[in-house]
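Inspection log for the structure reproduced underneath, given as structure tokens.
The values are calculated or read from the model by the stated rules, or taken from the named source; none is laboratory data. Only a predicted model underlies this, so the values are computations on that prediction, with no experimental measurement involved. Glycine also receives a Cβ, built like all others from the backbone with ideal geometry; neighbour counts cover every protein chain displayed.
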Amino acid sequence: MAIIRFPGKPLKDAPGGEGAGHPPPVKRLRSDGRPARDRNVILPLSVEHVSLTLNGQPLIRDLDFRVEPGRRTVILGFNGAGKSLTLRLCHGLIRPTSGRIVWEGPLGGDARARARAQAMVFQKPVLLRRSVRDNLVYVLKSRGERGRHMHKRVERALERCHLARMAHRPARVLSGGEKQKLALARAWLLKPSILFLDEPTASLDPAATMDVERIINDLHMATTTIFFSTHDMAQARRLADDVLFIHHGRIVEKTPAAEFFNAPATEEARAFLNGELLP
Ligand SMILES: Nc1ncnc2c1ncn2[C@@H]1O[C@H](COP(=O)(O)OP(=O)(O)OP(=O)(O)O)[C@@H](O)[C@H]1O
Ligand SMILES: [Mg+2]
């Protein structure tokens, strides 16, 4: 499987509605002062009473939350809490047993638009068995791009993600951090409305982590909404606007990040932040 995955089957229950009543997306400026291209075509994302049972085991229980455009949301919780499953459910890789995942933006009802507007980067990226550059070329060719303009975009992505000097290397020989940067370079080229990241920097050293965070920030400044999981609390503090804290497949806290880290409201979140174990 490629690192950037798109939802398999379209979710039939997504409305083609107007998303009326929601605040307009935040307009951002690029570093040159011009407004960034508005990528918000499918957001907000509304997760409505979603549960998932596999082999008779309830793994996700009654998740209910929204992701507003332009926000950076981190999902936190102990091992096995259901973070990866939640990201996969939202991205459309798994169908909920009950409840609905609804994309409320103007093109939220359009399966093709939904597929094009999302990208996901996994902890262990699976790359195509070809060079670093060709992994990027493939992404753009599959979107119908050709010629000089396409190659220019690839070169820019290589530069931006510090991959230029290894552009000819086979992707499979890259180190963990380099693979993660290549995965993000692919996402960068896709200009998604929303990027899902499942522990994007687990087992990376501080320098590689900083590089990856810089690329995530770049994407965010260019109006990509970010929804990620991490076990790195310093990273969660650096990157997140909002926190979803889940425990045994259930949301225990959903709150602005500053509030969560300064004054967690529940015993479970306090224990988590203090590194204690809970039954
Ligand atoms: N395909 C599956 N079949 C059965 N159980 C599963 C399946 N996928 C995940 N689970 C279980 O669901 C629970 C939540 O898994 P998930 O991978 O979402 O946890 P997580 O919060 O991402 O944990 P970690 O921090 O270790 O990555 C775990 O107990 C896991 O064993
Ligand atoms: Mg996980």
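Per-residue answers, yes or no, for (1) surrounded by fewer than 18 Cβ atoms within 10 Å (Cβ to Cβ); (2) at pLDDT below 95; (3) closer than 17 Å to Asp205 by Cα; (4) more than 18 Å from the chain's Cα centre (by Cα):
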{"site": "His149", "(1), (2), (3), (4)": "yes, no, no, yes"}
{"site": "Val154", "(1), (2), (3), (4)": "no, no, no, yes"}
{"site": "Leu158", "(1), (2), (3), (4)": "no, no, no, yes"}
{"site": "His162", "(1), (2), (3), (4)": "yes, yes, yes, yes"}
{"site": "Arg165", "(1), (2), (3), (4)": "yes, no, no, yes"}
{"site": "Arg169", "(1), (2), (3), (4)": "yes, no, no, yes"}
{"site": "Leu174", "(1), (2), (3), (4)": "no, no, yes, yes"}
{"site": "Ala185", "(1), (2), (3), (4)": "no, no, no, no"}
{"site": "Trp188", "(1), (2), (3), (4)": "no, yes, no, no"}
Original post:
Of the residues that make up the range 176-197, is at least one more than 16 Å from ligand 1 (Cβ to nearest atom), free of Cβ contacts under 8 Å to residues at least 12 places away in the same chain, farther than 25 Å from Glu145 by Cα and not charged (D, E, K, R)?
Top reply: no
**OP:** Could you check how many residues of the range 53-63 are touching a residue at least 60 places away in the same chain (Cβ under 8 Å) and either part of a loop (DSSP other than H, G, I, E, B) or touching a Lys or Arg at 6+ places or on another chain (Cβ under 9 Å) (or both)?
**Re:** 4
Original post:
Within the range 259-268, is even one residue within 16 Å of ligand 2 (Cβ to nearest atom), of a type in the set (A, V, I, L, M, F, W, C) and either modelled with pLDDT of 95 or more or within 21 Å of the chain's Cα centre (by Cα) (or both)?
Top reply: no
Original post:
Does the range 91-103 contain at least one residue that is within 16 Å of ligand 2 (Cβ to nearest atom), of a type in the set (D, E, K, R) and either over 25 Å from Ala222 (Cβ atoms) or surrounded by 18 or more Cβ atoms within 10 Å (Cβ to Cβ) (or both)?
Top reply: no
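Here is a yes/no grid of residues against (1) at pLDDT 95 or above; (2) within 16 Å of ligand 1 (Cβ to nearest atom):
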site	(1), (2)
Glu213	yes, no
His220	no, no
Ser229	yes, yes
Asp232	yes, yes
Gln235	yes, yes
Asp241	yes, no
Phe245	yes, yes
Gly249	yes, yes
Thr255	yes, no
Original post:
Any idea which of Val102, Val126, Val154 is part of a loop (DSSP other than H, G, I, E, B) and either in contact (Cβ under 8 Å) with a residue 24 or more places away in the chain or among the hydroxyl-bearing types (Ser, Thr, Tyr) (or both)?
Top reply: Val126
Original post:
Inside the range 71-84, can you point out the residues that are within 11 Å of ligand 2 (Cβ to nearest atom) and within 13 Å of the chain's Cα centre (by Cα)?
Top reply: Ile75, Lys83, Ser84
**OP:** Six or more apart or on different chains, Cβ under 8 Å: which pairs go from a residue in the range 72-92 that's under 18 Å from Ala115 (Cα atoms) and part of a loop (DSSP other than H, G, I, E, B) to one that's of a type outside the set (A, V, I, L, M, F, W, C) and more than 8 Å from ligand 1 (Cβ to nearest atom)? Could you list them?
**Re:** Gly92/Pro7; Gly92/Gly8; Gly92/Lys9; Gly92/Pro10; Gly92/Arg114; Gly92/Gln118
**OP:** Return a yes/no flag: does the range 90-108 have any residue that is within 26 Å of Arg172 (Cα to Cα), within 16 Å of ligand 1 (Cβ to nearest atom) and of a type in the set (D, E, K, R).
**Re:** no
Original post:
Within the range 205-234, can you find the residues that are within 16 Å of ligand 2 (Cβ to nearest atom) and either of a type in the set (Phe, Trp, Tyr) or outside any strand (DSSP E or B) (or both)?
Top reply: Phe227, Phe228, Thr230, His231, Asp232, Met233
Original post:
Since Arg66 meets every condition but one in (1) touching a residue at least 24 places away in the same chain (Cβ under 8 Å); (2) more than 11 Å from ligand 1 (Cβ to nearest atom); (3) out of contact with any helix residue (DSSP H, G or I) (no Cβ under 7 Å at 6 or more places or on another chain), which condition does it not meet?
Top reply: (1)
